[in-house]
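The values are calculated or read from the model by the stated rules, or taken from the named source; none is laboratory data. Please read all numbers here as calculations on a predicted model, not as lab measurements. Positions of Cβ are backbone-derived with ideal geometry, glycine not excepted, and every protein chain shown enters the neighbour counts.
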Amino acid sequence: MVMDLGVVQIKIPPASRCLVQCRNPVLERSIPVRQAGLVFVLYRCLAGPECLFCGSGREIYLSGPCNRFTGMSVPALIPFKPKNPKTRLSCVLDLPEREKFAQMMLCDVVVAVLEAGCEPFILGTELFSFNGIKVVHDPRGLNESINAYLERTPGPLLIIMADIALASDSAIRRMITTSADMAIVPGSGGGTNAIFLSRADRFRVSYYGMSFEKHLRIAEECGLSCEIVDSFLIHTDVDEKEDLVELLIHGKGMSSGYLRELGFTLSAEKGRVGVVREKARRD
């Protein structure tokens, strides 16, 4: 694919997913460059022959719309719990599998955020490293840690959960290009899966329970216009065994591949589609 920027032509290879699919990714990153309303960041894979996806040294250009305040890409906050995640999947995954599955979903989210032209960083409850992506450690609860970050962020910010494994760059771009003060995508059961804020310090979050309705009410109290974005891909989160169905049907990333590797397949259960695990758990 070649995008004509008027001044230069920049080739964008389709293999940008190697950012997280290399076995031992080592990335060399350029300074973001603004051209014709887009931000371009060059990543060069230095993983050598271990990179089975892209090969050594391929240049990867990721682009996205500039935010209307700084002209640079929008930061994207991804909360993540690396230890004992997704306990409601314990009926089908043991602890090591749940932790790896959560990491694979995080990979899928990071890739979608990067391909949308955003700058991801992870807000982690534990200290850990993740493929060169910035990690901010905050052991406090979800609301306390995010609100503390919002208070000191006068510019735009995307907040997206780490289990939105079907998220796509186009769905994220739709959120961050809203003309409203904020955009929001609800999750199943009344939750909130993603929020984009044009001025993060003007808002506060209140997750858990019926957080979607709470966030709409907070937006009204703060005098913020709000666009509700209808996106199946961002709406779909993964918490229960039943949620694995959508991931196996629609997923093309690392998390759906990991489920298939573990032996998960689709099945018909009383007229509805479910999942079964055909292989025994790994020792």
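So, in the range 88-102, exactly how many residues are touching a residue at least 24 places away in the same chain (Cβ under 8 Å) and under 17 Å from the mean Cα position of the chain (by Cα)?
Looking only at that region, the number is 3.
Quick check on this structure: which one of GLU151, GLU144 is at pLDDT 85 or above, among the charged types (D, E, K, R) and in contact with a helix residue (DSSP H, G or I) (Cβ under 8 Å, 6 or more places away or on another chain)? Break it down stepwise before answering.
Details: GLU144 fails: in contact with a helix residue (DSSP H, G or I) (Cβ under 8 Å, 6 or more places away or on another chain).
It is GLU151.
Examine the range 198-216 for a residue that is over 21 Å from ILE78 (Cβ atoms), at pLDDT 95 or above and either touching a strand residue (DSSP E or B) at 6+ places or on another chain (Cβ under 6 Å) or not assigned by TED's automatic domain parsing to the domain that holds ALA148 (or both), and state whether such a residue exists.
no
Pairs please, first residue from the range 127-151 and within 14 Å of LYS83 (Cα to Cα), second anywhere and among the hydrophobic types (A, V, I, L, M, F, W, C) and in a loop (DSSP other than H, G, I, E, B), Cβ atoms under 6 Å, 6+ apart in sequence or on different chains.
HIS137/LEU127
Does GLU126 fit the bill of being assigned to a helix (DSSP H, G or I), acidic (Asp, Glu) and within 17 Å of LEU77 (Cβ to Cβ)?
Working: assigned to a helix (DSSP H, G or I): no; acidic (Asp, Glu): yes; within 17 Å of LEU77 (Cβ to Cβ): yes.
So GLU126 fails the test.
Filter the range 89-145 down to the residues that are surrounded by fewer than 14 Cβ atoms within 10 Å (Cβ to Cβ) and among the hydrophobic types (A, V, I, L, M, F, W, C), then identify the one that is nearest to VAL275 (Cα to Cα).
Only one residue tops the list, namely CYS91.
Filter the range 229-279 for residues that are of a type in the set (Lys, Arg) and within 19 Å of the chain's Cα centre (by Cα) and give the result.
The initial filter retains those residues of the range 229-279 that are of a type in the set (Lys, Arg), namely 241, 252, 260, 270, 272, 277, 279.
Matches in the range 229-279: LYS252 only.
Restricting attention to the range 211-254, which residues are within 21 Å of VAL276 (Cβ to Cβ) and of a type in the set (S, T, N, Q)?
The answer is THR236, and nothing else.
Could you tell me whether the range 133-150 includes any residue that is under 15 Å from SER231 (Cα atoms) and in contact with a strand residue (DSSP E or B) (Cβ under 9 Å, 6 or more places away or on another chain)? Show your work before the answer.
Here is the first cut: in the range 133-150, the residues under 15 Å from SER231 (Cα atoms) are none.
Looking for residues that are under 15 Å from SER231 (Cα atoms) and in contact with a strand residue (DSSP E or B) (Cβ under 9 Å, 6 or more places away or on another chain), one finds none in the range 133-150, hence no.
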